[in-house]
Amino acid sequence: MVDEIQGTYRGMMIAIAPKYWSVFTDFSLEQLADTLQYLAAQVRLSSFLKLPRAPKKKKNPPQYDPRHPHVSTAKLLTQTKKSPSQG
């Protein structure tokens, strides 16, 4: 958590000049809390939501081709095991 706060602090110091932070030095703890709550209320949370996924597209069933009929792998393995013993 400390690393996250330090990283955010470094980024804010780069993005916003130190002279703009001076207004907060004289704030009491209550004033700072009120200001932070006010700023947090201005955030548009909807901009942070994930986009919902689109519905899945229906997959067309495979077309049956009589020249290339489907043969199960189990059937092929069974035939392979039987054929050496026959010959």
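The values are calculated or read from the model by the stated rules, or taken from the named source; none is laboratory data. What you see is a predicted model, and the numbers here were worked out from it, not measured in a lab. Cβ sites come from the backbone with ideal geometry, for glycine too, and all protein chains shown count toward neighbours.
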Scanning the stretch 22-34 for residues that are of a type in the set (S, T, N, Q) and modelled with pLDDT under 90, the one surrounded by the most Cβ atoms within 10 Å (Cβ to Cβ) turns out to be 22
Selection from the stretch 1-20 of residues among the basic types (Lys, Arg) and within 26 Å of the chain's Cα centre (by Cα) yields 10
The lone condition residue 71 fails out of (1) assigned to a loop (DSSP other than H, G, I, E, B); (2) at pLDDT below 85 is (2)
